[in-house]
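Here the structure comes first, spelled out in C-alpha cells, and everything after it is commentary.
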Amino acid sequence: MKFDFARDGDVFLQAIGTTLYIVATAIGVGGVVGLVLGVTLFISRKGGLRPNAFVFNLLNVLINFFRPIPFIIFVAAMGPLTLAVVGSSIGTNAFIFPAALMVSFASARLVEQSLVGLDPGVVEAARSMGASTWTIIRTVVIPEALAPLILAYTFLFVAVVDMSALAGIVAGGGLGAFALSYGYQRFDWTITWITVAVIVLLVQSVQYLGNWLARKALHRG
C-alpha cells in the first residue's frame, strides 16, 4: 500500500518532529557534558592550566574506550543502564540516553582538539596577569576558540542526525524508521527519497548556519 500524504501526512510530520527532538536533546545534553569534559582535558593535560595526570589519563582512556564503538552496538550494550536510568529500553527517550552519552564522548574530543590549537602565548599572557583558571577559560580560551568550536559542533550535529536514523532499532521513531517502514518495506521509493531530501535540507541548513557563525566569530576576533 502506497503512502497517502492526505491520509498519513501526520505520520511524516511526527517523524520529522521526533528526529528534531532526538537531535536537539542529544546535542543539548551531550554537547554540554562534552564541553565540560573537553575543557577538563585541556586544562589537566601536561602544560595545561591545571596539570593533573590522573584526571587527564582517566578521561582520555574513558573517551578512547567508548568513542570507537559502533553506535548500533553501543545502544545494545547500554540497554541495562538505559533501563535503569530511563525506565525502559525501548522508545524515543531510551534511544536519546545512549545517543547523549556518545555525543558527550565525541564532543569532548572535538572540544579538546579545538582548544589545543590555541596560541599558548595568549593563555600565558592572561596567566601572567594573575587571572584565575575559570576567568581564563571564560574570557580567553572559549572566545579565542569560538570559531573552531562552532564548526566542531556543526560537524557533531550532522553526525547525530546520522545516528538518529537508527532510532527505529529501539522503536524510537524518527525519519529513519519512517523511511524504512513507509518507504523501503513498501517499495515506495518516492517516500524514501522525500525523506532523504528532508534530511539533506536539514543538514545543509545547519551546515550553512554553522559556517556563517564561524565566519562571524573569526571576523570578530
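Miscellaneous remarks
- One chain, two ends: F66 and L81. Fully extended at 0.36 nm per residue, the span grows by 3.9 nm beyond their Cα-Cα distance.
- Mean-position separation - Cα centroids, segment 49-81 and segment 160-221, in angstrom: 26
- Net charge over other residues, Cβ less than 14 angstrom from the Cβ of I63 (K, R count +1; D, E count -1): +2
- Pairwise label distance in nanometres, V36 with R138, each label 7 Å out on the Cα-Cβ vector: 1.6
- Over the chain, dividing the summed -39,500 (n - 2.57) contributions of all DSSP H runs of at least 4 residues by the number of residues returns a 222 nm mean residue ellipticity of -24500 deg cm²/dmol.
- Kyte-Doolittle mean at least -0.5 and Cα axial length at least 15 Å: DSSP H helices in the chain: 5-44, 53-66, 92-116, 146-164, 189-220
- Those trypsin sites (Lys or Arg not before Pro) in segment 1-104 that DSSP places in a loop and that have at most 11 other beta carbons within 10 Å: K2, K46
Read the figures in this text as sums done on the coordinates, not as results from a lab. The shown structure was predicted, so the numbers you read here are calculated from the model rather than taken from an experiment. As a convention, Cβ positions derive from the backbone with ideal geometry for all residues, glycine included, and neighbour counts pool all protein chains shown.
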